[in-house]
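The values are calculated or read from the model by the stated rules, or taken from the named source; none is laboratory data. For clarity, every value in this text was computed on a predicted model and none was experimentally measured. All Cβ positions, glycine included, derive from the backbone under ideal geometry; neighbour counts span all protein chains shown.
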Amino acid sequence: MTVHPIIAALKWHKAGVLLIVLQIALTLAIVSNAIFIISQRISVIQRPTGVVERDLFRVSQSFVGAPSGDDPASLDKLDALQLADLGILRQLPDVQSVAASDGMPLQGSIWVGGLALTADQKTPTSAAGLYYGDEHMRSTLGARLVAGRDFNAGEILHHTINSTVPSPVIIVSQALADKLYPHGDALGKTVYLDSKPTVIIGIVDRLQVANASTRPWVYMSVMAPVRLDGVNANYVVRAKPGRLLPAMQAARKALFAANRMRVMPDSWGIQSLTEIRDKAYRADRGMALLMGLICLILLGVTAAGIVGLTSFWVGQRHRQIGIRRALGARRIDILHYFHAENLLIAGVGVVVGAMLARGLNVWLMTQYEMARLPVTYMVTGVLAMLAIGQVAVFVPARRASLVPPVVATRAA
Amino acid sequence: MVPMLATTSEFFAMFKVPFQYGSAWTAADGSSRARVAVISSDLNDKLFGGANSVGKTLRLKDSDVRIVGVMKRWRPSPLFYDVRGGRFAEGQTSSFYVKPEGVFMPFFSGLEVNEGNFWQFTCWGKVATPGHLQDAPCVWVGLWVQLDSATKVADYRTFIANYAQQQKLLGRFANTDTRMPSLMQWLVFNHVVPSDVKLQTWLAFAFLAICLFNMIGLLLAKFLRRSSEIGVRRALGASRGAIFAQCLVEAGMVGVVGGIGGWLLTLLGLWLVRRQPVEYADLAHLDIGMFGLTLALAVAASLAAGLLPALRASRVAPALQLKTL
């Protein structure tokens with residue numbers, strides 16, 4: 001089939017052709033960028049936290065009328081409240097392990113510290129998210145220890161968040177260890193956490209900081225051997241396999257039975273990591289869903305536009321089609337003609353669209369934290385648009401192919 | 001737990017807070033550190049079933065405070081006087097659209113009642129007493145100043161700069177950078193429009209553009225398909241203008257019908273937004289002005305889309321079309 005007659009015929013429909021080309025171009029530009037944004041959101045949602053998420057939950061609550069923690073005696077009282085809670089939780093039949101831990105991945109609020117290699121370093125080598133907790137924290141969270149050891153009970157300090165007492169030992173995430181010591185010899189080294197010396201005694205392979213940040217330091221985590229005393233006390237609990245819900249209910253009941261003077265609301269008091277994850281990524285998921293829906297509608301609208309205009313052309317060329325048929329063209333030739341015509345128009349559309357998509361992507365990169373649109377997305381988008389064009393044109397093209405040759409004999 | 005704001009009595013007049021019962025506390029209450037409070041209408045509904053609770057006592061932590069005023073429903077959005085730290089939120093600033101605090105207390109009374117339970121915004125030195133704000137080497141207070149003339153603004157800037165210099169000499173402040181943004185500058189600085197919302201706005205307009213191209217194409221097909229009918233009208237004496245007008249009216253009608261369909265879809269969409277667990281969910285309602293604007297935009301867009309097809313239709317030559325009948 002030669003292209004020349006198709007182009008010649010299209011000259012009679014300049015406006016319509018231009019409209020379809022523009023529509024395909026715009027749709028390609030928007031849909032390919034939108035799908036790229038969706039995939040970025042999904043990869044954020046799916047990235048691992050480094051902890052074993054099944055059967056894990058967090059208890060977060062504050063004591064009513066708690067001691068101030070200003071002097072050693074009242075600090076001990078605060079700590080006793082927390083130790084009592086940990087003891088109660090540990091005795092529950094559905095509970096596998098319990099730890100004092102201020103942090104929980106994706107939970108939202110984090111403590112941040114700066115890590116330096118020397119005492120008098122002006123700017124820290126890396127920022128890191130801090131997890132304060134006791135000797136059971138690492139094992140309860142389920143972060144995998146790849147080098148060194150856990151804290152032992154004797155190393156656990158307890159003080160308020162504002163204390164100036166340094167932690168003599170820490171466990172760091174692999175990402176942080178590599179940042180501090182790129183040659184892989186971080187274990188056993190003395191580093192400076194907020195200008196105070198501390199020794200790296202353990203490395204876990206991955207641990208996300210306690211929020212859903214997309215910043216590069218999201219896997220730079222430090223575990224410090226501190227049971228944080230304060231009005232708020234937070235624990236992480238691992239239920240026995242498959243016993244998450246009963247364990248959560250039992251924990252609520254047992255804690256209130258032991259001490260009524262606490263605030264532990266349903267909304268954030270006791271939450272499984274699944275719920276925490278759900279909340280942390282709600283906005284990302286909503287946005288991905290919305291964009292997906294819009295992409296679908298856009299593709300539908302564009303397909304409908306192609307069907308509409310092609311139907312009109314078929315109607316207009318009714319007689320010409322009849323003449324072609326009378327001159328010996330087969331049905332399949334007519335069908336091919338309209339498919340080829342659409343391929344030609346859509347081809348121009350996707351070339352313009354690919355350029356538009358790139359331009360839109362560059363603009364988005366200046367406005368938002370966006371990466372460069374990968375070529376695979378562009379190619380997939382182009383192929384998808386061409387395929388949609390071919391599918392959309394099928395119905396009118398088929399109708400055209402059914403025009404009987406006898407039409408040619410009727411008066412013009 | 002109910003959020004509390006410790007502020008001065010001028011807060012209510014400056015921000016024109018409406019009162020249902022009672023009034024704000026007096027300046028004297030403020031300086032005498034009286035245990036008084038103004039509560040929000042939400043809290044009043046919850047605790048007193050919406051009745052006049054002025055004079056009643058509220059137990060706050062370990063203190064009894066007397067209610068002197070109950071606010072009418074007041075819902076600034078964003079909650080501009082609490083906006084801060086938006087630069088660090090990675091565009092996720094929907095929390096700026098929460099409801100106002102439940103309890104408002106005189107500044108120093110509030111500091112005393114909640115002593116030990118405050119979070120500092122950010123600190124540049126060691127905090128001697130945790131949860132204690134006054135004298136802490138921290139950013140812990142937001143100051144709103146109403147200045148009525150440019151001269152006063154300039155004077156106040158100088159005053160602030162001098163104050164910072166003085167405090168640095170005294171050893172209290174670590175640096176002397178001072179900035180005094182206006183309310184709108186402050187909101188922009190804190191990215192009060194969440195980045196997702198901006199993206200959605202762009203998406204909406206892109207969507208509109210594609211729909212417009214689609215509509216132009218379909219109208220073109222629709223009008224030209226009726227070429228013979230138009231030819232008859234032209235032959236019977238209709239002017240080009242009449243054909244043009246007929247086509248535009250049709251396009252406009254499509255816009256109106258589409259707008260009504262859009263209204264139903266809007267109601268459905270708003271219902272879905274209100275079910276979302278986001279801070280601004282209760283703000284999602286059908287704004288008449290906004291809806292009027294979008295309806296007008298829909299009709300205007302349809303008319304604009306109808307221009308080219310209508311022009312083409314009005315150029316249909318009467319004789320040529322009649323021949324094909």
If you take the residues of the range B:69-89 that are more than 14 Å from B:Q20 (Cα to Cα) and aromatic (F, W, Y), which of them is surrounded by the most Cβ atoms within 10 Å (Cβ to Cβ)? B:Y81
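For every residue, the table says whether it meets (1) surrounded by fewer than 19 Cβ atoms within 10 Å (Cβ to Cβ); (2) farther than 30 Å from A:Y281 by Cβ; (3) within 23 Å of the chain's Cα centre (by Cα).
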{"site": "B:I230", "(1), (2), (3)": "no, yes, no"}
{"site": "B:A242", "(1), (2), (3)": "yes, yes, no"}
{"site": "B:Q246", "(1), (2), (3)": "yes, yes, no"}
{"site": "B:A251", "(1), (2), (3)": "no, yes, no"}
{"site": "B:V256", "(1), (2), (3)": "yes, yes, no"}
{"site": "B:W263", "(1), (2), (3)": "yes, yes, yes"}
{"site": "B:V273", "(1), (2), (3)": "yes, no, yes"}
Using the structure shown, decide if A:I276 is touching a residue at least 24 places away in the same chain (Cβ under 8 Å) and outside the structural domain of A:A251 (by TED's automatic domain parsing). yes
Could you identify the single residue in A:R372, A:R325 that is more than 18 Å from B:N214 (Cα to Cα) and either not in a helix (DSSP H, G or I) or not assigned by TED's automatic domain parsing to the domain that holds A:I37 (or both)? A:R372
If you go through the range A:230-283 one residue at a time, how many are exposed (fewer than 15 other Cβ atoms within 10 Å of the Cβ) and of a type in the set (G, A, S)? 4
Against the condition part of a helix (DSSP H, G or I) and either more than 14 Å from chain A (Cβ to nearest Cβ) or aliphatic (A, V, I, L, M) (or both), how does B:L286 come out, does it pass? no
Just wondering, is there one or more residues in the range A:304-318 that are among the charged types (D, E, K, R), in contact (Cβ under 8 Å) with a residue 60 or more places away in the chain and either under 21 Å from A:A29 (Cα atoms) or out of contact with any strand residue (DSSP E or B) (no Cβ under 7 Å at 6 or more places or on another chain) (or both)? yes
Scan the range A:29-56 and report the pairs whose first residue is closer than 12 Å to A:R277 by Cβ and whose second residue is assigned to a helix (DSSP H, G or I) and among the acidic types (D, E), with Cβ atoms within less than 9 Å and a gap of 6+ or a chain change. A:V44/A:D284; A:I45/A:D284
Answer yes or no as to whether A:G353 is within 11 Å of chain B (Cβ to nearest Cβ), part of a helix (DSSP H, G or I) and among the small types (G, A, S). no
Could you please find all residues in the range A:140-157 being touching a Lys or Arg at 6+ places or on another chain (Cβ under 9 Å) and either within 14 Å of chain B (Cβ to nearest Cβ) or part of a loop (DSSP other than H, G, I, E, B) (or both)? A:G142, A:A143, A:R144, A:D150, A:F151, A:I156
What pairs come out if I take residues in the range A:285-297 that are more than 16 Å from A:Q23 (Cβ to Cβ) and within 11 Å of another protein chain (Cβ to nearest Cβ) and pair them with residues that are assigned to a helix (DSSP H, G or I) and among the acidic types (D, E) whose C-beta lies under 8 Å away, six or more apart or interchain? A:M287/B:D196
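One line per residue, one yes/no per condition, for (1) under 30 Å from A:V21 (Cβ atoms); (2) touching a Lys or Arg at 6+ places or on another chain (Cβ under 9 Å); (3) outside the structural domain of B:S94 (by TED's automatic domain parsing):
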site	(1), (2), (3)
B:I230	yes, no, yes
B:Q246	yes, yes, yes
B:I260	no, no, yes
B:L267	no, no, yes
Single unsatisfied condition, B:W140 versus (1) within 14 Å of another protein chain (Cβ to nearest Cβ); (2) at pLDDT 80 or above; (3) touching a Pro at 6+ places or on another chain (Cβ under 8 Å): (3)
Which residue pairs have Cβ atoms closer than 7 Å, lie 6 or more positions apart in sequence or on different chains, and pair a first residue in the range B:18-30 that is modelled with pLDDT of 90 or more with a second residue that is of a type in the set (K, R)? B:P18/B:K72; B:F19/B:K72; B:Q20/B:K72
Here are A:S213, A:S173, A:S126, A:S167: which of them is of a type in the set (G, A, S) and farther than 30 Å from B:Q92 by Cα? A:S167
Which residue, of B:G86, B:G116, B:G50, is away from chain A (no Cβ under 14 Å), modelled with pLDDT under 90 and more than 26 Å from the chain's Cα centre (by Cα)? B:G50
